[in-house]
Amino acid sequence: MSSSLSDKNALVLELGARYVRCGVSGERSPRCVERWQVGDMLQKPLSSSEWRQYLYPKLHALCFKLLLVNPSRRRFVVCEDLLLPRVFRETLLNILFDVLNASAVTLVPSMVAVLYATANHTALVVDCGWMETRLLPVFKGVPLPYLYETVPAGSRNCCKVIQRELNSSRDQPMDSSEIVTPATEAMAEDILERACFAQQKDPLPNVVDAEFHAQDNDVLQVPGNLRTDAVEQLILGDEGTEGTSIVDGIVQVLKKAPLDVRAAMLENLLLVGGTAMIPGLAQRVAAEVRETLRHDNEFASASTAVDRAQLVQAYFPRNMLAWVVLLECIRPSSTRLQEVQF
């Protein structure tokens, strides 16, 4: 019996705020990427029953309709946020063990796991997501949770800018019988992914407009300045991000870090997550960090160290680093729960 269970491939779940990836261990890529609303739901405290009401149909559909596998007596590998609410994690485990009959569940903290895909043991992990950006220093394989920071800057802020600007420029004319379809959040997200990028310190002088074809065959004209301005708030901050940017979050973590850790964090900036896939964003953030520290009184005397701020080389797409680790089911930084223990 035990040999037959061990022959079954594990079911792999990577939980994000906007999307959940699911697949089977041993396969090169996820079988499906499904949108869900956990990021929005985390904005207010929910009870166990409320989480169960949402999670159970989602997990059931992932297993039986998308993965097309029976989860009974299978092992699950779940990549999740280090600081998810306890009620969410307990409800998730309860569904996996009691309803889907999982034989074991391995919990992998995503912000620690991504380092294994870079062959580094030290980095300031900057997870740029949909709702927010999370920052966690990891020093020689040990996370430093007392330095954990969150910044309310993510892809959702960029999508709001795109949606607002497009709708304001496409107002319905008073004398026109043609109905103008308003830009939706889904359209704005698609435009952000396909047409937007981050300008560098020496910006391109003329960014051309882009045409975006919507699903209803409507053609949206995306101005060149919007293709770059939508991303600027992630780097410089504005009222949409409460005046805080990704760069500000990195500088705050560096200032709170011990002196012997600070230099290592500065030299190993690792940007991961879906938002980090915006072209040019990681390079621009690193350049802005150098510029900010040069004008900071605490770092001004250490100009040599400031110039050493650099990115960790990513050998895989920045939004897939955690998934690469999940395929190997790394155990040293994970917690495996048997049903009897839970």
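The values are calculated or read from the model by the stated rules, or taken from the named source; none is laboratory data. What you see is a predicted model; the values in this text were computed from it and never measured. We place every Cβ from the backbone using ideal geometry, glycine too, and count neighbours over all the protein chains shown.
Looking at 91, 106, 122, just one residue is of a type in the set (S, T, N, Q), in contact with a Lys or Arg (Cβ under 8 Å, 6 or more places away or on another chain) and farther than 23 Å from residue 32 by Cβ, and that residue is 122.
Yes/no per residue for (1) free of Cβ contacts under 8 Å to residues at least 60 places away in the same chain; (2) among the hydrophobic types (A, V, I, L, M, F, W, C); (3) buried (at least 19 other Cβ atoms within 10 Å of the Cβ); (4) in the same structural domain as residue 120 (by TED's automatic domain parsing):
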| residue | (1), (2), (3), (4) |
| --- | --- |
| 202 | yes, no, no, no |
| 210 | yes, yes, no, no |
| 221 | yes, no, no, no |
| 248 | no, no, yes, yes |
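Take the conditions within 22 Å of residue 112 (Cβ to Cβ), in the same structural domain as residue 126 (by TED's automatic domain parsing) and surrounded by fewer than 19 Cβ atoms within 10 Å (Cβ to Cβ) and apply them to residue 263. Does it pass? So residue 263 fits the description; yes. The condition of being in a helix (DSSP H, G or I), more than 23 Å from residue 272 (Cβ to Cβ) and not hydrophobic (A, V, I, L, M, F, W, C) holds for residue 229. Checking every residue in the stretch 250-270 against the condition of being over 14 Å from residue 198 (Cβ atoms), among the acidic types (Asp, Glu) and in contact with a Pro (Cβ under 9 Å, 6 or more places away or on another chain) gives zero matches.
Among the residues making up the stretch 135-158, those that are crowded, with 17+ Cβ neighbours inside 10 Å and aliphatic (A, V, I, L, M) are 135, 136, 138, 144, 147, 151, 153. When every residue of the stretch 228-241 is checked against the conditions, none turns out to be farther than 25 Å from residue 190 by Cα and charged (D, E, K, R).
In the stretch 281-296, is there at least one residue being under 22 Å from residue 121 (Cα atoms), at pLDDT 85 or above and touching a Ser or Thr at 6+ places or on another chain (Cβ under 7 Å)? No, every residue in the stretch 281-296 fails to be under 22 Å from residue 121 (Cα atoms), at pLDDT 85 or above and touching a Ser or Thr at 6+ places or on another chain (Cβ under 7 Å).
Every test in (1) part of a loop (DSSP other than H, G, I, E, B); (2) closer than 16 Å to residue 98 by Cα is passed by residue 26 save one, and that test is (2).
The residue list 232, 291, 211, 298 contains one member that is touching a strand residue (DSSP E or B) at 6+ places or on another chain (Cβ under 9 Å) and of a type in the set (Asp, Glu), which is 211.
Taking the conditions exactly as written (at pLDDT 90 or above, at negative phi and within 21 Å of the chain's Cα centre (by Cα)), does residue 18 satisfy them or not? So residue 18 fits the description; yes.
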